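In what follows, a structure is listed as structure tokens, so that the remarks can point back to it.
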Amino acid sequence: MKRAFANPLARLGLALIASILLLALLAPVIAPYDPDAINVKSILLPPSAEHWMGTDGLGRDVFSRMLFGARISLLVGFVAVGIATVIGVVLGAFAGFYRGWVDIIIMRLVDVMLSIPTFFLILAVIAFLDPSIWNIMVVIGLTSWMGVARLVRAEFLSLREREFVLSAQTLGASEVRLIFRHLLPNSLTPIIVSFVLGVASAVLLESGLSFLGLGVQPPQASWGNILTDGKEYIQFAWWLSFFPGLAILLTVLGYNLLGEGLRDALDPRKHP
Amino acid sequence: MTRYLLKRLFWMVPLLIGISLISFFIMHLAPGDITTTEAGFNPKASEESRQKLRKLYHLDEPILVQYGYWLKRMATLDFGTSFASHQRPVFWERRDAQGNVQKGLIQEALPVTLLINVLSLVLIFVVALPLGVIAALHQNGPPDRIITLFVFVGFAIPGFWLALMLMYWLGVVHGWLPISGLHSLDHDKLGGLAQLVDTARHLVLPVFISALGGLAGISLFVKNGMLDVLRQDYITTARAKGLPEKTVVYRHALRNALLPLITLLGLSIPGLIGGSVIAESLFAIPGMGKLFYDAVLMRDFPVIMGILTIGAVLTLIGNLLADIAYAWADPRVRRGVVH
Amino acid sequence: MRHIFGLGVLVVLLAACERNPLPPSTDLEASYPVESGGTLIDAMAGEPSGLIPMIAGESAASAIASRIFNTLLRYDRNLELEGELAQSWSISRDQRTITFTLKPGLKWEDGAPLTSADVLFTWELVTDDRTRTPYASDYKLVTKAEAPDARTFRVTYAQPYAPALDSWASLQILPKHILQGQDINTTTFARKPIGSHYYRLEEWKTGERISLVRNPNATQGPPRIDRLISRFIPDPASQFLELMADNIDIMNLNPIQYARIIPARPEMKRNIALYKELGNGYTYLGFNLKRVPFDDVRVRQAINYAIDKQELIDGVLLGLGEPVAAPYKPGTRWVNPELEPYPYDPRKARLLLKAAGFEDHDDDGILDRAGKPLRFEIITNQNKQREMSAVLIQRRLKDIGIEVHIRVLEWASFLGRYIKTGDFDAVILGWGLSLDPDQYNIWHSSQTKPGQFNFIGYHNPMVDKLLEQGRLEMDPDKRMKIYHTFSRLLLEDSPVVYLYAGYGLPAIHKRVRGIDSPAPPAGIGWNAQDWYLPSPLRRTEISAQ
């Protein structure tokens, strides 16, 4: 782990993530206004001392909405990727551990899912169900577990042949014990890396869905729907799209830099 | 090799069935159906007309029977006609009794999306290759850091935000590029070269926007591949023989580092066919993404299922080709040693 | 080397763009003589599925088809009926038969004569059970239709049907000589129509645009503008950029663009004229009357009092709309002038709720009755203005102790899953303001089955009776009285809260002249055939050819 933070970019990523998480956590403390407080007398005000990031089409304070929106956007990211990771780990572990038919069936499922354009799949499902925040997280989760599954399977396949696993097995360790005590902890690195990178993609996905009007429900704010609100006035009320755009950029960038830094640092090949 | 091919082909059957099931399942998640949107909400429309529509479109048959119809159609590549778009064929053109030809929806949309995506893939490779190589050669040095930062910013920037900014800046403020569409209004009156330039100018922004997001993945892939290869014995040998560094890098290392890219190409095919719903809406490009999104909104079952299926099948074929290419390039796979 | 090549490509690309803004010296404010010619470009969000209006149904299709096909009657600038294909019409003494006499010498664009046989054919098509049209119901009331000679078309109804004339102003007449024997549902005519109106289809580039050119045989005489091009640009933000860059001439703006953006931009103000016309619909909050507590008129009235309509108009429409008190277009004779919208009066709202048994017994800030808190969900479809209205209403109702949740749904599931099944508490939606006052489909108690339009379950025997009378009454003045009473009952009952009727806000480049301004009741589009483009103001790229 230490090695990862020798990399200045990874440090930058971590700093970005940490500060955004902090802002999101402290949103109720920091936010100068109620994020849902409407004031039709102060519609679309540019940034000023009272409203650091201006106001939106209903006169709500964009800065406050950004802070609370961070919670929603990150929640979507974490939960969606959490779901994907759990599914991916379980299926990948089964495939890699049991091999044979289990492996074949699971890997075919992976292939099928990979062959359908993911965004189309998400779009169709979310349009057909209701675009509630829970549906969005579940659907993103259900459609993005394939990478993790493949990774875990590959790890398991190679770990299974290792000395320590074989000896645990001959000592009569149960399958559950084998999986959870021996194999999984040793496959954690790639799982963490793919989790971190996954959050970045999920945050982007949420903003894409918001663009199509299939995002988080009003009056709740997410970065995606603040950004979308602003898109028609991009040349006029620039603050409405600039700040959420920047927030998404920095967050996604942060997770990517951290994820990539971790991957580099944990990749034995790169450190002979 | 033949054995390998046959085996691969055989494995496509369960995949196809899986795809048919998934696409069918998704359709039936939908509570609304075509009759809810086709009539819209005009007070003059009557319930009996809606019943009529349901019947005409077989929506009242049991689900299993509908799946039966679906499988049969998939096998014959007959995706029927659109509910919403005046009965136009979903996939390929059809000629009626009077000799009138109706073009298929996918037939018209797919080339547009393919053109943009292939161009953007080319752009990605053209940019990502040197970036990856440079980053690998200067691992952990400033060029590596800058490149990494750059490609990640490209990935992280919300595409539609950047697109709108560029459309405004390049299209409105400076008027250098067209804002939306594929052709100018006077496109047909232009000469051959001018037509080409016209289309190219319309494609600049969409291609750039869709390439930007893909840069990170490929350049890192190249970088990591290069790093792996540069550490191999034969590179050390080549260097020891006193070959110039350029020759070592480009003749020996890059070639081998590129091999896994074939697989990556195969994997990027769903993206190629998929097209971007958002970019296509913004730039008013009549591609697959737009077609699919409209179909979803209209509950146009045949089109949704047609796109999901044809997209998936083309992807499978693409993967198959990539694997074959890989096998051809790497004899170990062919002989079944690996994979 | 490669860089130089790349740079070269860039230079070629940039050089190839000669945009043709009007020279700064052009005087856009001067008056120019009327002349014919030129091309007008607009943008539409959706592409028509086909151009047979009775089959296609969506607004993009009717926008284009209405320039290609004629109707028997039309509405004039003051929204009174006048003949289009019909020279005159007469109603029989028993009020059951209408006889139309066509204008002489009518022709299709291909030169074939347009006769009453075409009208009869169109009626047969629209009422044919095999035709997949949602618009048949009006025409099915015709018990006998006949074309005794080439210029006479006669329809007979079982009983007097007052909305009949309105229905003949919306049925677009199709050519029998081309469509006979074809399957209307699948015919390629939908993509290459032959019509009789001002324009004919020149080219349809799928996914890109439709262009229409002047029809030399137009039944209503030649229009002034040569060519109309409609570009398909799905995203409104892109459309607005195209308007800014002067690549399209017309666009319907939203209130922010209209009231904030354009006035703040001198170069847009120089080029673009803003118009304001009465919209075609109103937005309302409708209650599911089959559910508690909306079965109680006091609760409905209380909510009506608690919603500040002016705040909605100011906040959502930036003032660009009007409150309404009746479901008719403001300014038309069907609006009862005595009616006023419910004023914003939260005190009265609380009193009414108290009378209905709702008080905050447990001090949680939410009113309750018999232990049940007053809480409901508003659903609406993806529409920015409706969404914003919901948010504002949510806040106002919270003030008087009602908790509201909001759910925004995509249209198809909104309709299929909630409206048709009646599974909702309250809904924000809009109704079109039809020109005929008959609203039987929306308010009559017989129209509450799934999929019908009285989905809120409104049931008032007096209203039912008035709606039935209104359909039978051919005399406009008596009809007016019937609908005035109907509107009053409706307002008292408050089954829906009228929120606002927004204005249509077209922005049109100043090169387009002949526009009737300020907008007449029919809106500025009514005389589009007389609009013209003075040649000094035209786009050079297109007129050069």
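The values are calculated or read from the model by the stated rules, or taken from the named source; none is laboratory data. Worth saying up front: this structure is predicted, and the values here are computed from it rather than measured. Reconstructed Cβ throughout: ideal geometry from the backbone, glycine too, with neighbour counts over all protein chains shown. Note: areas computed on protein heavy atoms with side chains; ligands, DNA, RNA excluded. Shrake-Rupley method; radii C 1.70, N 1.55, O 1.52, S 1.80 Å.
Taking the mean number of other Cβ atoms within 10 Å as a proxy for protection, how do you rank B:155-168, A:132-145 from highest to lowest?
Working: B:155-168: 22.4, A:132-145: 20.4.
Final packing ranking: B:155-168, A:132-145.
Where does chain A land on Rg/Rh, using Cα atoms and the Kirkwood Rh?
Working: Rg = 21.7 Å, Rh = 20.4 Å.
Rounded to two decimals, Rg over Rh is 1.06.
Rounded to the nearest 20 debye, what is the charge dipole size of region C:373-504 about its Cα centre when +1 sits on each Lys and Arg Cβ and -1 on each Asp and Glu Cβ? Could you put the intermediate results ahead of the total?
Details: 16 positive and 16 negative charges, 54 e Å.
Dipole magnitude for region C:373-504 comes out near 260 debye.
Counting, for every residue in B:7-13, the Cβ atoms of other protein chains within 10 Å of its Cβ and taking the mean gives 1.
How many Å³ per residue does the convex hull of the Cα positions in chain C occupy?
Values: hull volume 107.0 nm³, N = 545.
Cα convex hull per residue, to the nearest whole number: 196 Å³.
Cα-based values for region C:67-108, radius of gyration first and Dmax second, are 11.8, 35 Å. Counting, for every residue in B:288-299, the Cβ atoms of other protein chains within 10 Å of its Cβ and taking the mean gives 5. Sorted into 5 angstrom bins from 0, the C-alpha pair distances of region C:160-235 split as 3, 13, 16, 18, 20, 17, 9, 4, 1, 0 percent.
With the Cα gyration tensor of region C:432-519 in hand, give its eigenvalues times 5 under a square root as the equivalent ellipsoid semi-axes, listed largest first in whole angstrom. Largest first, region C:432-519 gives 32, 18, 12 Å.
Can you tell me the FRET efficiency between C:ARG291 and A:SER167 if r is taken as the Cβ-Cβ distance and R0 is 56 Å, rounded to the nearest 0.05? Walk me through the numbers on the way to the answer.
Details: r = 67 Å, r/R0 = 1.20.
That pair, C:ARG291 with A:SER167, gives E of 0.25.
In this assembly, the C-B interface accounts for approximately 5600 Å² of buried accessible surface in total, computed with a 1.4 Å probe and without ligands, DNA or RNA.
When you count the other C-beta atoms within 10 angstrom of each residue and take the mean per peptide, C:397-408, A:213-224 line up highest first as A:213-224, C:397-408. Taking H placed 1.01 Å from N in the peptide plane, check which residues at least 5 places from A:THR55 or on another chain put their amide H under 5 Å from its amide H. Here A:LEU44, A:LEU45, A:VAL62 satisfy the definition.
Rounded to the nearest whole angstrom, the semi-axes of the ellipsoid equivalent to region C:281-503, taken from the Cα gyration tensor as √(5λ), stand at 28, 19, 18, largest first.
If each residue of separation counts as 0.36 nm, what is the full-extension length gain between C:GLN182 and C:SER31 once their alpha-carbon separation is subtracted? The partial results should precede the final answer.
Values: separation 151, 0.36 × 151 = 54.36 nm, distance 5.00 nm.
Full-extension gain reported as 49.4 nm.
Proximity of backbone amide H atoms, modeled 1.01 Å from N, is registered between C:ALA522 and C:LEU79 at under 5 Å, excluding neighbours fewer than 5 places apart on the same chain.
Suppose R0 equals 45 Å; then what is the FRET efficiency for A:ASN186 and B:VAL65 from their Cβ-Cβ distance, rounded to the nearest 0.05? Mind showing how you got there, number by number?
Numbers: r = 50 Å, r/R0 = 1.12.
About 0.35, to the nearest 0.05.
Ordering C:TYR198, C:TYR503 from largest to smallest accessible area (1.4 angstrom probe), what's the sequence?
Working: C:TYR198 25, C:TYR503 55 Å².
From most exposed to least exposed: C:TYR503, C:TYR198.
Per the Kirkwood formula on distinct C-alpha pairs, the Rh of region C:73-179 is how many angstrom?
Working: mean 1/r = 0.0701 Å⁻¹.
The answer is 14.3 Å.
Which FRET efficiency value, to the nearest 0.05, do you get for C:SER90 and C:GLU340 by plugging their Cβ-Cβ distance into 1/(1 + (r/R0)^6) with R0 = 30 Å?
Details: r = 40 Å, r/R0 = 1.33.
Calculated transfer efficiency: 0.15.
Taking the Cα centre of the protein assembly as shown as origin, work out the dipole magnitude from +1 charges on Lys and Arg Cβ and -1 charges on Asp and Glu Cβ, in debye rounded to 20. The calculated dipole for the protein assembly as shown is roughly 3120 debye. Evaluating 6.51 cos²θ - 1.76 cosθ + 1.60 at θ = phi - 60° for every residue in region C:375-384, the Karplus couplings come out as 8, 8, 10, 9, 10, 8, 9, 6, 8, 3 Hz, glycine and proline recorded as x. Once backbone amide H atoms are built at 1.01 Å from N, C:THR152 has C:LEU102, C:SER116 as its partners under 5 Å, excluding neighbours fewer than 5 places away on the same chain.
Go through C:GLY319, C:MET474, C:GLY401 and say which Cα lies farthest out towards the positive end of the charge dipole of region C:281-503; charges sit on Cβ, +1 for Lys and Arg, -1 for Asp and Glu. So the residue furthest toward the plus end is C:MET474. Could you work out how far helix A:62-98 tilts from the main Cα principal axis of chain A, as a 0 to 90 degree angle to the nearest 10? Result, in degrees: 10. The order of B:TRP92, C:TRP168 by accessible area, most exposed first and with a 1.4 Å probe, is B:TRP92, C:TRP168. Loop-located GluC sites (Glu not before Pro) across region C:311-373 with a Cβ neighbour count of 13 or fewer within 10 Å are C:GLU338, with loop assigned by DSSP.
Note on region C:281-503: dipole from Cβ charges, positive end direction compared against C:LEU489, C:PHE376, C:VAL299; the farthest Cα belongs to C:LEU489.
For region C:43-190, relative contact order (Cα pairs under 8 Å, six or more residues apart, normalised by length) works out to 27 percent. Look at the dipole of the protein assembly as shown built from charges on Cβ: of C:TYR503, B:VAL13, C:SER59, the Cα furthest out on the positive end belongs to B:VAL13.
Can you tell me the order of B:218-228, C:521-531, A:198-208 when each peptide is scored by its average per-residue count of other Cβ atoms within 10 angstrom, highest first? Walk me through the intermediate numbers first.
Values: B:218-228: 22.5, C:521-531: 18.2, A:198-208: 25.4.
Sorting B:218-228, C:521-531, A:198-208 by mean packing, highest first, produces A:198-208, B:218-228, C:521-531.
Could you list the square roots of 5 times each eigenvalue of the Cα gyration tensor of region B:168-276, that is, the equivalent ellipsoid semi-axes, sorted largest first and rounded to whole Å?
Values: eigenvalues 349, 56, 36 Å².
After scaling each eigenvalue by five and taking roots: 42, 17, 13 Å.
Rg over Rh of region A:27-164, using C-alpha atoms and the Kirkwood radius, what does it come to? Intermediate results must be reported in sequence, preceding the final value.
Values: Rg = 22.0 Å, Rh = 18.0 Å.
Computed over Cα atoms, the ratio is 1.22.
Over chain C, dividing the summed -39,500 (n - 2.57) contributions of all DSSP H runs of at least 4 residues by the number of residues returns a 222 nm mean residue ellipticity of -7500 deg cm²/dmol. Taking every residue in A:138-146 and counting other chain Cβ atoms within 10 Å of its Cβ, the average works out to 0. Under 12 Å from a point placed 7 Å out from the Cα of B:ARG251 along the Cα-to-Cβ direction: which residues of region B:214-228 have their backbone N that close? What the label zone holds, given the 12 Å backbone N cut-off, is no residue at all.
Pairs of Cα atoms under 8 Å, at least six residues apart: use those to get the relative contact order of chain C, whole percent. Averaging sequence separation for qualifying contacts and normalising by length gives 20 percent for chain C. Axis of helix A:133-143 versus longest Cα principal axis of chain A: the two differ by about 30°, to the nearest ten degrees. Backbone phi angles across region C:495-503, fed through the Karplus curve with coefficients 6.51, -1.76 and 1.60 (θ = phi - 60°), yield HN-Hα couplings of x, 9, 9, 5, 8, 5, 10, x, 7 Hz in residue order; Gly and Pro are listed as x.
Excluding same-chain neighbours fewer than eight residues apart, the aspartates and glutamates reachable from B:LYS241 by a Cα-Cα span under 14 Å are B:ASP233. Dipole magnitude for region C:290-418: about 440 debye, using +1 per Lys or Arg Cβ and -1 per Asp or Glu Cβ, origin at the Cα centre.
Give, to the nearest whole percent, the P(r) tail of the protein assembly as shown beyond 48 angstrom, counting all Cα pairs. Let's see the in-between values first.
Values: 231999 of 667590 pairs.
Cα-Cα pairs of the protein assembly as shown separated by over 48 Å account for 35 percent.
Exposed loop sites here are trypsin sites (Lys or Arg not before Pro) in DSSP loop states with at most 15 other C-beta atoms within 10 Å. What is the longest stretch of chain A lacking them?
Numbers: sites that count: A:ARG99, A:ARG162.
Result for the longest clean stretch: A:163-272.
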